[in-house]
1. How many residues are hydrophobic (A, V, I, L, M, F, W, C) and closer than 26 Å to ARG274 by Cα if we restrict to the range 391-414?
2. What tally of residues in the range 247-298 results from selecting those that are in a loop (DSSP other than H, G, I, E, B), in contact (Cβ under 8 Å) with a residue 40 or more places away in the chain and farther than 27 Å from TYR406 by Cβ?
3. Within the range 265-304, work out how many residues are out of contact with any strand residue (DSSP E or B) (no Cβ under 6 Å at 6 or more places or on another chain) and β-branched (Val, Ile, Thr).
4. Show the residue pairs that are 6+ apart or on different chains and have beta-carbon atoms under 8 Å apart, the first residue being within the range 380-404 and within 21 Å of THR453 (Cα to Cα), the second being part of a strand (DSSP E or B) and modelled with pLDDT under 90.
5. Collect the residues in the range 221-239 that are in contact with a Gly (Cβ under 9 Å, 6 or more places away or on another chain) and under 18 Å from LYS88 (Cα atoms), keeping them in residue-number order.
6. Return yes when ALA317 is part of a helix (DSSP H, G or I), modelled with pLDDT of 85 or more and either out of contact with any strand residue (DSSP E or B) (no Cβ under 9 Å at 6 or more places or on another chain) or not assigned by TED's automatic domain parsing to the domain that holds LEU277 (or both) and no when it is not.
7. Out of all the residues in the range 70-80, is one or more closer than 28 Å to ILE164 by Cα, of a type outside the set (Gly, Ala, Ser), at pLDDT 75 or above and in contact with a helix residue (DSSP H, G or I) (Cβ under 7 Å, 6 or more places away or on another chain)?
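The values are calculated or read from the model by the stated rules, or taken from the named source; none is laboratory data. Only a predicted model underlies this, so the values are computations on that prediction, with no experimental measurement involved. No Cβ is skipped: glycine too gets one built from the backbone with ideal geometry, and neighbour counts run over all protein chains shown.
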Amino acid sequence: MPTITPQPTIPPFPAAAAPPPSPLPSLGQPPPPAPSIFGLDALFHNPVFAGGIGLAGLGAAAAFGRRALIAGAGLLRRQLLVNIEISKRDPSYNWVLAWLAQPRDNRGFLAQRLTRLRSLSVSTTTKSLNPRLGDEGSSQTHADFRVQPGFGRHIVRHRPGVYIAVNREKAGTATTATGEPHETLTLTLLWAHRHVLEEVFTQAHALAQSFQQGKTVVYTARKMEWAVLGKPRLKRPLGSVILDRGVKEKLVADVKEFLAAQKWYTDRGVPYRRGYLLYGPPGTGKTSFIQALAGELDYSVAMINLSEVGMTDDLLAQLLTQLPEKSILLLEDVDAALVNRRQRDPDGYSGRTVTASGLLNALDGLAAGEDRIAFLTTNHIDRLDPALIRPGRVDMMVRIGEATRYQAAEMWDRYYGDIDEDHSGRERFLNRLEELGLFGGDSQDSNVPRRHTSTAAIQGLFQFNKGDMEGAINMAEGLIPRTFEPEAPSTEGAIKSPA
């Protein structure tokens, strides 16, 4: 048998150790992020912090979107809407308010819901009614209520498919003139309906004119602006003012000629204004004629009291340059305004505040306005400065004197013409006034006294004897001017009879 020699056993090699990781990255793998100096990588990997950043971003985006939406809406509003603001100081403010108070046709589902007025204000006017004869104490008052949009926002339907947004606001500050808060009225329409504004103002003006039809508006100076004095007055017929023969006709013709000659003044560079001075004793019809003339011309009357406390030269000049349109300027008793007749009173009044030079410059100076008709009245023309009544300031002076025989006859016919058809009563009345010397006496008969009476006194006599011409003739002696002597001071005080 063959012999098998055993082979020596070779021990196994030990397993090779794994090589250390190479500092270089293997191909195809991104390098690991480098550690942050402040450890922000861990902060950003924090889910709580990451959620806060996300919410902040969403809030910023929402705020930016809101601002962008507001800006876009404002831009769209400016492009699609048109606004017009009306101040309370503007005459059209009351016109538009009255126009908004008119009833409208709001039929339709949309119109009924959009045009519901929930804030209203009331403007009330009252008028006394004449009591019935024999019913003492039965006088009644007629009240007229006008409802108009109050403060706040409203929507008004002008016509089908055209709506107007109305915003009436009251400012927090008061005006210096009246102490009332300032108000504004804003109308908003679509740009495509902007032409409707012309219709609105045209209709509002026509409505205001209809309210003043047959009436004369009187303005008065209220600090630095003009304000309507009370309610418009019924126009006084020009025929109701009886002046001496030809005087009224001459004045009316001159004023109408001036109004028709504006182009003539402009072409020659002459200031377009005219002044008149009416002088004479009181009660002769100076102011009444001016009121009747304003009604004849369809003008208003703007009065300034030169003796008013606080009236200064600068304020007077400003008022005269801002006269209401189509108005007659009236300065009454200019002689009394320029005479310092009183010393300082307890209320702080220290005499005149308008100087003579200030009045002269306001009437005919650099600060004088144009397109103006001015009437000055005085009872004492001798007290006026000659510079005040020179041509350019006063272009026409007319004396309105005492009652004449012609005026007395015209007034008689106006009051008793319907019952004195044969004029016999008029002749008896005129002869009675002649006997009393109320027409200046008789130059050939020294026994007839030289007296005068005024048309105001004759009118008062006729009004006292309505429809009773015999009573007027019998009471003619009461037209004699009376002289009142000062009474001796009484120890009993002002009340001399038991109450």
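1. Here the count works out to 5.
2. Number satisfying all stated conditions: 2.
3. 4
4. GLU402/HIS452; ALA403/PHE439; ALA403/HIS452; THR404/PHE439
5. Correct list: LYS223 only.
6. So ALA317 fits the description; yes.
7. yes
A quick yes/no check of all residues on (1) acidic (Asp, Glu); (2) in contact with a helix residue (DSSP H, G or I) (Cβ under 8 Å, 6 or more places away or on another chain); (3) closer than 19 Å to PHE289 by Cα:
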{"position": "ILE373", "(1), (2), (3)": "no, yes, yes"}
{"position": "ARG393", "(1), (2), (3)": "no, yes, no"}
{"position": "TYR406", "(1), (2), (3)": "no, no, yes"}
{"position": "MET411", "(1), (2), (3)": "no, yes, yes"}
